[in-house]
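For reference, the structure discussed in these notes is given below.
Just so it is clear, none of the values below were taken in a lab; they were calculated from the coordinates. All values reported here derive from a predicted model rather than from experimental measurement. Positions of Cβ are generated from backbone atoms using ideal geometry, with glycine treated the same way; all protein chains shown enter the neighbour counts.
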Amino acid sequence: MSTDLKYLAFTAFLTASLWIPYVAGQVMTNGPLAPTNYLDPTPRPLPLWGKRADRAYINAVENFAPFAALVIAVHLAGKANAMTAFWAMSFFWLRFAHAVVYLLGIPYVRTLIFTLGYVAVVGLFVELIR
């Protein structure tokens with residue numbers, strides 16, 4: 001498996017796991033779901049870190065699709081190389097850091113990390129179209 005695909009798999013697993021802090025916050029704050037929660041979709045109260053956990057998860061899901069599409073396109077086009085590996089690895093670690101920083105509520109750093117993640121996506125795109 002190429003490094004690009006390996007980090008695509010790591011990013012998929014990270015993204016798929018980021019719901020856990022949000023659900024933990026829900027259960028810690030409101031207890032387990034009751035049948036009425038399934039009927040009434042009104043959000044239940046959450047501490048700020050729980051709301052940030054939800055946003056970190058949603059943000060990760062939103063950013064996964066373009067990254068995945070580019071990694072798969074690079075692979076199918078036979079253009080995987082050291083630079084695409086670097087960009088895929090960078091994207092994973094930046095998304096990991098983004099989730100941690102988002103959950104902790106650290107301002108400015110989160111924006112910087114998010115922007116660097118976008119730079120990694122641009123890097124993959126540039127390698128693909130060369």
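Of the residues Thr11, Thr15, Thr3, Thr42, the single one that is of a type in the set (Val, Ile, Thr) and loosely packed, with under 13 Cβ neighbours inside 10 Å is Thr42. Of the residues making up segment 2-23, those that are touching a helix residue (DSSP H, G or I) at 6+ places or on another chain (Cβ under 8 Å) and of a type in the set (A, V, I, L, M) are Leu5, Leu8, Ala12, Leu14, Leu18. With a requirement of 1 or more residues that are within 11 Å of the chain's Cα centre (by Cα), the helices (runs of 4 or more DSSP H) lying completely within segment 1-80 that satisfy it span 3-17, 19-30, 48-76.
Mind checking which residues of segment 18-39 are of a type outside the set (Gly, Ala, Ser), free of Cβ contacts under 8 Å to residues at least 40 places away in the same chain and either surrounded by 10 or more Cβ atoms within 10 Å (Cβ to Cβ) or under 30 Å from Trp87 (Cβ atoms) (or both)? Across segment 18-39, the qualifying residues are Trp19, Ile20, Tyr22, Val23, Gln26, Val27, Met28, Thr29, Asn30, Leu33, Asn37. Restricting attention to segment 70-99 and to residues that are without any contact (Cβ under 8 Å) to a residue 60 or more places away in the chain, surrounded by 14 or more Cβ atoms within 10 Å (Cβ to Cβ) and among the aliphatic types (A, V, I, L, M), the residue that is nearest to Gly123 (Cα to Cα) turns out to be Met83.
Just give me the residues in segment 81-130 being under 18 Å from Ala53 (Cβ atoms), outside any helix (DSSP H, G or I) and of a type in the set (D, E, K, R), in sequence order. If the condition is that a residue be under 18 Å from Ala53 (Cβ atoms), outside any helix (DSSP H, G or I) and of a type in the set (D, E, K, R), then no residue fits.
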